[in-house]
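Here's the structure, in structure tokens; my notes come after.
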Amino acid sequence: MDNSTAIAPEQLVGRHARPGMSLLAILHAIQDDVGYLPESVVAPLAKATNLSRAEVHGVITYYHHFRTHPAAPITVELCRAEACRSMGTEALAKHIEARTGCRFDSGHEDAIGLESVYCLGQCALSPAMMINGVTSQKFDTLLAAAVARMEEPA
């Protein structure tokens, strides 16, 4: 059993793998569940999807979104694609590095991880970034819900 997860790899795969489900969907579900894709899930996942371990590993390492180690407690993802570059993302990256004392894509420090991503689907809001998976649009929704709860009579 992988010491970093509370559930055996076979059980973790069994919890998320369904007949006809794509490998990408299963990988996303596992990562959403435990926060990353432990190396120990590759073999049971290959068996469950009738793929080779190399194929599963290849998909995991090809897509930047998948992580094979736990994320830092604070993870800042900054879009470095063309639309965001044209709107000042590199200046923002320098500011973030100066402010945090961390460097992008160098692995996470104790508390903060800075990761380059290549499109968050927020091109109209460039430069786009997420902190712990929260975009500016999601933040607005969360804030509005919190304010509404505060305004409700007790």
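The Cα trace of segment 9-62 gives Rg and Dmax of 9.6, 25 Å, the first to one decimal, the second as a whole number. Over the Cα atoms of segment 44-96, the radius of gyration divided by the Kirkwood radius equals 1.18; this is the Rg/Rh ratio.
Summed over qualifying helices (DSSP H, 4 residues or more, each -39500 (n - 2.57)) and divided by its residue number, the chain shows a 222 nm mean residue ellipticity of -13500 deg cm²/dmol. Taking other C-beta atoms within 10 angstrom as a stand-in for reagent exposure, Tyr63, Tyr36 fall in the order Tyr63, Tyr36, fewest first.
Each Cα pair under 8 Å and six or more residues apart adds its sequence gap; the mean of these over the residue count of segment 74-151 is a relative contact order of 40 percent.
Residue exposure proxy: Asp33, Asp105, ordered by other Cβ atoms within 10 angstrom of their Cβ from fewest to most, comes out as Asp105, Asp33. The Cys residues in the chain with no partner Cys Cβ within less than 4.7 Å of their Cβ are Cys102, Cys119, Cys123. Quick one: compute the contact order of segment 1-110, relative version, from alpha carbon pairs under 8 angstrom and 6+ residues apart, as a percent. Answer for segment 1-110 is 21 percent.
By the Cα gyration tensor, the chain has an equivalent ellipsoid whose semi-axes, rounded to whole angstrom, run 31, 21, 16 from largest to smallest.
Read-outs throughout are calculated quantities, based only on the coordinates presented, and are distinct from any laboratory measurement. Just so it is clear, the model here is predicted, and its values are computed rather than measured. Note that each Cβ is placed from the backbone with ideal geometry, even for glycine, and that neighbours are counted across all protein chains shown.
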